[in-house]
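Notes to accompany the following structure.
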Amino acid sequence: MNGDSRDPSRRSVLAALGAAAAGAVGRPAGGTERERPEAGARRPRGSVRGAEFSRVVAGRTYRLRYRRRVAGRPRTVRVDVPRERYRAARAADRSLVGTFEAALGNDLAAAVAGSLGAALTAGGVDDPLARLRAAVGFVRRLPYEPDAESVGEAGYPRYVAETLVDHVGDCEDYAALLAGVVAAPPFDLDPALVLLPGHVGVGVDPDAVGADGLPTLRVAGREYLYLDATYRVGLGTLPADHDEGVVAVRDGGWLVGDPGAFAAHVREAAALHAAARRPASR
């Protein structure tokens with residue numbers, strides 16, 4: 001799993017694989033909304049009210065409220081999403097890398113982080129690891145649904161606005177949202193995208209959260225505390241169904257843990273990309 005990314009031959013392999021993955025993973029880039037009727041045909045989201053989540057359509061805004069127990073007490077995390085932001089996100093080109101990196105510095109993810117941080121402060125939670133667990137737990141409480149069921153197609157990574165308003169997603173959607181939340185104040189971490197066999201998660205610097213004693217990943221000379229946004233596993237623990245090792249980490253560029261697995265991942269993504277771009281038979 002380890003390797004020196006400064007080696008010229010390794011660097012060329014990373015560049016080639018990284019370029020392919022960045023362009024091919026997820027929904028194909030290019031095209032218009034008319035060429036993608038499955039996304040355009042989704043009905044606008046209406047108001048819902050539930051015990052853990054409510055979405056109220058108020059004029060041009062979705063008012064979202066998430067109810068969670070923080071420090072043993074019920075708290076409400078609040079975020080408002082302009083409806084135009086949601087529509088623009090639905091119409092945008094997308095890829096796994098693109099939606100993940102768009103989440104970093106995203107103001108909606110920052111609003112979630114700020115509201116959650118205020119609830120943690122009100123509950124007297126100031127330990128960095130405890131605060132991180134709360135952020136991970138917040139995202140894990142969102143309902144899981146594969147893309148094929150929620151949008152009628154495979155490989156549809158959501159932008160933050162979509163994930164929040166839809167109140168549904170899968171591993172890449174929740175990894176992006178979690179990354180956006182922990183990148184914002186009061187967490188202020190520098191998250192990376194972690195590719196596992198058939199799964200994605202988030203990696204952060206273990207020293208930044210005082211993760212002494214927790215298991216960490218070492219990829220290309222860098223160490224990460226793994227965070228899973230979908231499975232209920234401990235911080236640093238890979239889910240049992242995807243624990244064969246790290247395929248790659250996206251941390252400014254690609255750091256490859258398993259070149260063979262990463263190449264297979266890119267080939268599979270490219271095949272999905274080609275199938276999605278192929279005109280329907282008449």
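Can you give me the C-alpha center-to-center distance between segment 209-250 and segment 107-170, rounded to a whole angstrom? Value for the Cα centre distance between the two parts: 18 Å.
Between the amide H of Val70 and those of Arg75, distances stay under 5 Å, these residues lying 5 or more places away or on another chain, with hydrogens modeled in the peptide plane. How much FRET efficiency would the formula 1/(1 + (r/R0)^6) give for Arg73 and Asp93, where r is the Cβ-Cβ distance and R0 is 41 Å, rounded to 0.05? Here the calculated transfer efficiency is 0.45.
Under 11 Å from a point placed 7 Å out from the Cα of Asp207 along the Cα-to-Cβ direction: which residues of segment 250-269 have their backbone N that close? Flagged as within label range: none. You can think of it this way: the chain between Ala240 and Ser54 has 63.7 nm of extra reach, that is 0.36 nm per residue less the Cα-Cα gap.
A short reminder: the numbers here are calculations on the coordinates, not readings from a lab. Owing to the predicted nature of the structure, the values given are computational and were not obtained by experimental measurement. When we count neighbours, we look across all protein chains shown, and the Cβ atoms used for this are built from the backbone with ideal geometry, even at glycine.
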